[in-house]
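The values are calculated or read from the model by the stated rules, or taken from the named source; none is laboratory data. Predicted, not measured: the structure shown is a model, and the values here were computed from it. Every residue, glycine among them, receives a Cβ derived from its backbone with ideal geometry; neighbour counts consider all protein chains shown. Calculation scope for accessible area: heavy atoms of the full protein, side chains included, ligands and nucleic acids excluded. Shrake-Rupley method; radii C 1.70, N 1.55, O 1.52, S 1.80 Å.
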Amino acid sequence: MTSNYESWELKILTNSQFHKLNQTDKFKYIVQFGHLASSTHNTQPWAFKQKDDSIQIYLDNSRVLPASDIVGRQACVSIGCAIGNLITAAKSYGYFSSLKWEINGDKIPTQRYILIATINLGKSKIDKVSLKYLPAILTRRIERRRHDVSKDFSVSFYKSLNQILSSQNEIDSRIWHRGDPRIHLVAELQSQADTYVANSAKFSKELADWLLPNKTKKFLGMPGSTFNLTDTQTDEVIEGLANKSKMHADSLARFSSSGKKGIESAAIIAMLTVSKQSIKNWVSVGIVLSNVQNLVEMHGGGLAVHAGLAEVTLVRMSLSAMGMTMTQPVILFRAGIRDQATPRLPQAPRLPLDQVLL
Ligand SMILES: Cc1cc2nc3c(=O)[nH]c(=O)nc-3n(C[C@H](O)[C@H](O)[C@H](O)COP(=O)(O)O)c2cc1C
């Protein structure tokens, strides 16, 4: 049986090894990088189809979270993360031709599989920047722990970050650096959002369904270990969220203060915003997010996403005001240098590849 962590064993091929593959194997190889992308609650809401020499990317509607992602925005950002990785992989092998959008508007159609975009493959120049980022896709994971407060990223990191943040039309951003008093406000909002989730029946039930025991064999969802929870704490949080038992005070405190403390330890907090809510713009936010994630990974950093903040209307409005922007936040993330003294938390499972191929 395929193990739920097998996808992470992917090996980087040399350029000549890659180009010896036939068309279908090239497609499958590139798709594996897309499949390692981040997704909301680790829902992996994507499906890929080979069409001649192109990759069609679909949203799997059955994995859009009904409680925390009513309009499907976070699922679309997740699709963008996969597309970002696919483009990085294709460009690394001089095999990217173009990205074609297949969808308009801001309402997700009702059918199960919705075609979002097509990546046309084909011989191109090897993109050296993408090639540099490629290994990061294999080691990256969300880092929900605190960052090293004594360190910051390098000047070259910030130069690349600015390039990535301005790479997609329609996507704007705001960055707050360590020491900016607004970070404490964001941290406080996060703590309130977490308490709200723990107290709201519909959100907490959904989270309980997607939070997994640490030794899980499941392919979808988030093991508690990725939240820095022990086996026992994870079981308590799952049961507590599902309202089966009272959550142990320590576990609840650890769960709802970790986001706040993480934000307060970050070197940067960034907000990705759009001038207009649309599926295409949400996906573009994901493309930017995945590129930032790989950059952070390459520079010894860790990144955590705080999506809940952008999904609560009132909080979203105060974030816009803090950023002094008329544009609307879609995602907020924090990043900082990883504490090298502690071992990294584990990666999250993935579905076997054949389950995301159409
Ligand atoms: C659009 C999006 C929204 C997310 N929102 C949150 C969030 O609000 N809180 C959180 O702890 N993680 C969040 N995550 C991180 C996912 O839970 C994580 O990507 C997933 O569990 C898979 O883990 P990996 O990225 O380490 O592979 C989000 C990720 C994405 C792409």
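Picking from residues in region 87-115 that are assigned to a helix (DSSP H, G or I) and either in contact with a strand residue (DSSP E or B) (Cβ under 8 Å, 6 or more places away or on another chain) or hydrophobic (A, V, I, L, M, F, W, C) (or both), the one that is most open to solvent (accessible area, probe 1.4 Å) is ILE87. Scanning region 124-163 for residues that are among the aromatic types (Phe, Trp, Tyr) and either more than 16 Å from the ligand (Cβ to nearest atom) or in a loop (DSSP other than H, G, I, E, B) (or both) turns up PHE153, PHE157, TYR158.
All told, LYS218 meets the bar of being within 16 Å of the ligand (Cβ to nearest atom), touching a residue at least 24 places away in the same chain (Cβ under 8 Å) and open to solvent by 80 Å² or more (accessible area, probe 1.4 Å). Residues of region 185-214 that are open to solvent by 80 Å² or more (accessible area, probe 1.4 Å) and either closer than 20 Å to THR273 by Cα or touching a strand residue (DSSP E or B) at 6+ places or on another chain (Cβ under 8 Å) (or both): LEU185 alone.
Going by the conditions given, is TYR58 open to solvent by 10 Å² or more (accessible area, probe 1.4 Å), away from the ligand (no atom under 12 Å from the Cβ), of a type in the set (Ser, Thr, Tyr) and in contact with a helix residue (DSSP H, G or I) (Cβ under 8 Å, 6 or more places away or on another chain)? Against the criterion (open to solvent by 10 Å² or more (accessible area, probe 1.4 Å), away from the ligand (no atom under 12 Å from the Cβ), of a type in the set (Ser, Thr, Tyr) and in contact with a helix residue (DSSP H, G or I) (Cβ under 8 Å, 6 or more places away or on another chain)), TYR58 does not qualify.
Going through region 108-123 one residue at a time, which ones are in contact with a helix residue (DSSP H, G or I) (Cβ under 8 Å, 6 or more places away or on another chain) and among the charged types (D, E, K, R)? Within region 108-123, ARG112 is the sole residue that qualifies. The set of residues in region 23-54 that are part of a loop (DSSP other than H, G, I, E, B) and small (Gly, Ala, Ser) comprises ALA37, SER38, SER39.
Of all the criteria given as (1) open to solvent by 40 Å² or more (accessible area, probe 1.4 Å); (2) part of a helix (DSSP H, G or I), the one not satisfied by ASN120 is (2). Residues of region 1-44 being within 16 Å of the ligand (Cβ to nearest atom), over 23 Å from ASN61 (Cα atoms) and not small (Gly, Ala, Ser), which ones? Residues satisfying the conditions are TYR5, GLU6, TRP8, GLU9, LEU10. Please find, within region 339-358, the residue that is modelled with the lowest pLDDT out of those that are within 15 Å of the ligand (Cβ to nearest atom), open to solvent by less than 40 Å² (accessible area, probe 1.4 Å) and assigned to a loop (DSSP other than H, G, I, E, B). Here the residue is LEU345. The residue that is modelled with the lowest pLDDT, among those in region 66-86 that are within 10 Å of the ligand (Cβ to nearest atom) and either among the aromatic types (Phe, Trp, Tyr) or surrounded by fewer than 24 Cβ atoms within 10 Å (Cβ to Cβ) (or both), is SER68.
Could you go through region 94-113 and let me know if any residue there is under 21 Å from MET298 (Cβ atoms) and either of a type in the set (Lys, Arg) or in contact (Cβ under 8 Å) with a residue 24 or more places away in the chain (or both). Yes, that holds for at least one residue.
Screening ILE137 on (1) more than 30 Å from ASN15 (Cα to Cα); (2) open to solvent by less than 80 Å² (accessible area, probe 1.4 Å); (3) among the β-branched types (Val, Ile, Thr) shows it passes everything except condition (1). Sub-7 Å Cβ pairs linking a first residue in region 300-328 that is within 17 Å of GLY259 (Cβ to Cβ) to a second residue that is more than 14 Å from the ligand (Cβ to nearest atom) and open to solvent by 20 Å² or more (accessible area, probe 1.4 Å), at least 6 apart or interchain, are ARG316/GLN328, ordered by first then second residue.
Criterion applied to ASN199, ASN169, ASN162 was being of a type outside the set (A, V, I, L, M, F, W, C) and farther than 27 Å from TRP282 by Cβ, and the one residue passing it is ASN199.
For region 174-202, a tally of residues being β-branched (Val, Ile, Thr) and within 11 Å of GLY308 (Cα to Cα) returns 1.
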